[in-house]
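The values are calculated or read from the model by the stated rules, or taken from the named source; none is laboratory data. Treat the numbers as computed from the prediction; the structure is a model and nothing was measured. Using ideal geometry, Cβ is built from the backbone for each residue, glycine included, and neighbour counts are taken over all protein chains shown. What goes into the accessible areas is simple: the full protein's heavy atoms, side chains included, and nothing from ligands, DNA or RNA. Shrake-Rupley method; radii C 1.70, N 1.55, O 1.52, S 1.80 Å.
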Amino acid sequence: SMPRVWSAGCADGSELYSVALVLEQLGVLGRAHLLGSDLLEENLALARRGVYGDTAMPATARARVRWEQRDLTRDGAPPGRWRLVLCRNLAIYLSRSAKRALHETLADALAPGGILMVGRSERIADPGGVGLSRIAPHTYRRAA
């Protein structure tokens, strides 16, 4: 199956490029669908450049990654189901009710058995309530 990875609140895009490089090493980048979304256009501009210090992301990785402006609290998730959703250090800025709505949105966007990773200082208060189980620190799986 096609690896579908969404980086929600992708910031400068470095995390999604890291995933792209791993998928390239595994020989599956060519059929991957990688999406980074962020509220801020300046973050997306950095992500599109794909240059970090003196390291430029390879053309192979850049060709497979798509970037879009998206306000998760207003626009919800992009269409389709995702095998991996990365949403790190975004919920820390939200109120409790907005956080709960965000976690519902992210859980609903996962394919059965899909994985959600949140930030190091974050946790989902009631994972079962949104159809997730905690499988590792900051890592949750949607029921298959």
- Message: Could you identify which residue out of PRO127, PRO112, PRO79 has the top mean-square fluctuation in a GNM of the chain using Cα springs shorter than 10 Å?
- Response: PRO79
- Projecting the Cα atoms of ALA47, THR105, LEU116 onto the charge dipole of region 35-123, where Lys and Arg contribute +1 and Asp and Glu -1 at Cβ, the residue farthest towards the positive end is LEU116
- Length-normalised contact order of the chain, Cα under 8 Å, at least 6 apart, in percent, tallies to 22 percent
- Message: Between 0 and 90 degrees, rounded to the nearest ten: what's the tilt of helix 14-25 against the longest Cα principal axis of the chain?
- Response: 70 degrees
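For the chain, with every protein chain kept in place, what is the accessible area per residue (1.4 Å probe, Å²)? Walk me through the intermediate numbers first.
Numbers: 7730 Å² over 144 residues.
Heavy-atom accessible area per residue stands at 54 Å².
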- Roughly what angle does helix 96-109 make with the longest principal axis of the chain, taking Cα atoms, 0 to 90 degrees, to the nearest 10? 60 degrees
- Query: Computed FRET efficiency, Cβ-Cβ of GLU41 and SER1, R0 35 Å: what is it to the nearest 0.05?
  - Reply: 0.60
- Name the residue farthest towards the positive end of the dipole of the chain from the options SER95, ALA11, GLN25, assuming +1 on Cβ of Lys and Arg, -1 on Cβ of Asp and Glu, about the Cα centre. GLN25
- Comparing ALA20, ALA45, ALA61 in a Gaussian network model of the chain (Cα, 10 Å), the one with the largest mean-square fluctuation is ALA45
- Under a 10 Å cutoff between Cα atoms, tell me which one of TYR93, TYR52, TYR17 has the largest fluctuation in the Gaussian network model of the chain. TYR93
